[in-house]
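Colleague: Submitted below is the structure of interest, expressed as structure tokens.
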């Protein structure tokens, strides 16, 4: 009897234990997370997020900036495209010389003097319908070849001319607050001139004829390749600053052809004596009282006498710097390899701000007019 009861109790215990295990399994299956739900997202790594943000921004920047393809390096003078940011704070286009990007380029800069007569080295045609071609040329009409077939080829002109689509020029900066820091540099030379070009074919006859007569009446300190007295680049501005007057004589006379020859002395603190287009043309860009024009005098002798007079009269000489109270010139780049940086960077800035379509008709009619 006792053995029967023990066996029965044992069976009951086993049943209760199994029932408990089954109940626990059912409860676990009801309240455990479903395998169909996605796992919680992992915590982001700080470095990965930062890198993603930088990459995304750079891609967006490139997408927003127009691509400007420099088809040929002008005169093979190469520079770092970051110089636009460095010298002029211009960084709103994507400059490149990679011809593989031609089909994507929004604008293509073509340098006039590098175009072959048969046009065989121009970019391929037909061009992408959204693409604009820029005609880059900084020489005067006297030194420009009429290459046939360019008259109706370009969309924009990039030139020294004020009426170009993209004018290239150093500008004076205005300021309401008077500039009290400017002091006229000390002078130990009366008249200076730096001359590198004396090739008659470039139109220098007028300036040379004037100079030969002018130097009979006044001492002129000469520098430059034309007179076998090369001036090191680092000495350019200090030398100009040491002269009371500087001969800013252009090689040829044309509308708006007013080059860095006047900007140098203005930036250095010297009075430029100019020979070029009429005085009123100069006054479009610089104050009338900042320079002396050879056309203001009947002959070279009269000009020399006036400069001698200013040399003896400090008060009269100082009047040529009154404009510095509210205007500031910027020194231009002087290395030969830097000759086209301003033009290319100016183009970059313009095409980023002006994306409208335009065509140039009768290019030569405009340029030689």
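Colleague: Just check the stretch 52-173 against the gyration tensor rule for me: Cα atoms, a ≥ b ≥ c as the square roots of the eigenvalues, rounded for a/c under 1.5, and otherwise prolate or oblate depending on whether a/b exceeds b/c.
Modeller: Oblate, since a/c reaches 1.5 and b/c is not below a/b.
Colleague: May I pose another question? Using the beta-carbon distance between residue 312 and residue 103 and R0 = 56 Å, what value does 1/(1 + (r/R0)^6) give for FRET efficiency, to the nearest 0.05? Don't jump to the answer; show the numbers that get you there.
Modeller: Numbers: r = 67 Å, r/R0 = 1.19.
According to the calculation, E is roughly 0.25.
Colleague: Pairs of Cα atoms under 8 Å, at least six residues apart: use those to get the relative contact order of the stretch 192-284, whole percent.
Modeller: Working: 120 pairs, mean separation 27.4, N = 93.
Reported as a whole number, the value is 29 percent.
Colleague: Taking 7 Å along the Cα-to-C-beta vector as the label spot, tell me the residue 283-residue 190 distance in nanometres, rounded to one decimal.
Modeller: 2.9
Colleague: Assign one of three labels to the stretch 160-247, namely rounded, prolate or oblate, based on the Cα gyration tensor with a ≥ b ≥ c the square roots of its eigenvalues; rounded applies when a/c is under 1.5, prolate when it is not and a/b is larger than b/c, and oblate otherwise.
Modeller: It comes out oblate by the Cα gyration axes.
Colleague: Antiparallel versus total DSSP beta bridges in the stretch 173-331: what percent is that, nearest 5?
Modeller: Numbers: 3 of 17 bridges.
Counting only bridges with both partners in the stretch 173-331, antiparallel ones make up about 20 percent.
Colleague: Let me ask something else about it. With just the Cα atoms defining each centre, how far is the stretch 130-147 from the stretch 276-329? Give it in Å.
Modeller: Here the answer is 32 Å between Cα centres.
Colleague: So, one more: Taking a ≥ b ≥ c as the square roots of the eigenvalues of the Cα gyration tensor of the stretch 173-331, is the shape rounded (a/c under 1.5), prolate (a/b larger than b/c) or oblate? It would help to have the intermediate numbers written out before the result.
Modeller: On the way: a/c = 1.39, a/b = 1.36, b/c = 1.02.
Verdict is rounded for the stretch 173-331.
Colleague: Right, something else. If you average the C-alpha positions of the stretch 181-203 and of the stretch 222-243 separately, how far apart do those two centres end up, in angstrom?
Modeller: If you average the Cα positions of each part, the centres end up 8 Å apart.
Colleague: Continuing with the same structure: Say each of residue 181 and residue 87 gets a label point 7 Å from the Cα, pointing the same way as Cα to Cβ; how far apart are those two points in nm?
Modeller: Going from the residue 181 label point to the residue 87 one covers 2.2 nm.
Colleague: Using only the alpha-carbon atoms, what does the stretch 223-296 span along each of its principal axes? Please give whole angstrom values in decreasing order.
Modeller: The Cα atoms of the stretch 223-296 stretch 33, 24, 18 Å along their principal axes.
Colleague: For residue 220 and residue 255, what is the calculated FRET efficiency with R₀ set at 35 Å and r taken between the beta-carbons, to the nearest 0.05?
Modeller: On the way: r = 28 Å, r/R0 = 0.79.
Computed FRET efficiency for residue 220 and residue 255 comes out at 0.80.
Colleague: Shifting gears a bit: Within the stretch 329-352, whose backbone N sits under 14 Å from a point 7 Å along Cα→Cβ of residue 96?
Modeller: Counting backbone N atoms under 14 Å from the label point, the list is empty.
Colleague: Between residue 366 and residue 334, what is 0.36 nm times their sequence separation minus the Cα-Cα distance? Round to one decimal in nm.
Modeller: Working: separation 32, 0.36 × 32 = 11.52 nm, distance 2.96 nm.
Residue separation times 0.36 nm, minus the Cα-Cα distance, leaves 8.6 nm.
Colleague: So in the stretch 54-172, what percent of DSSP beta bridges are antiparallel if you round to the nearest 5? Please report the intermediate quantities before stating the final value.
Modeller: Numbers: 0 of 17 bridges.
Roughly 0 percent of the DSSP beta bridges within the stretch 54-172 come out antiparallel.
Colleague: Something else now. Set the Förster radius R0 to 22 Å, insert the Cβ-Cβ distance between residue 75 and residue 234 as r into 1/(1 + (r/R0)^6), and round the FRET efficiency to 0.05. All intermediate terms of the calculation are to be shown ahead of the outcome.
Modeller: Values: r = 22 Å, r/R0 = 1.01.
That pair, residue 75 with residue 234, gives E of 0.50.
Colleague: Label residue 197 and residue 295 with points 7 Å out from Cα along Cα→Cβ: what is the distance between them in nm?
Modeller: For the pair residue 197/residue 295, the computed spacing is 2.0 nm.
Each value in this text was obtained by applying a stated rule to the coordinates, not by laboratory testing. These figures come from a predicted structure and were not determined experimentally. A quick note on method: Cβ atoms are made from the backbone with ideal geometry, for glycine too, and the neighbour counts reach across all protein chains shown.
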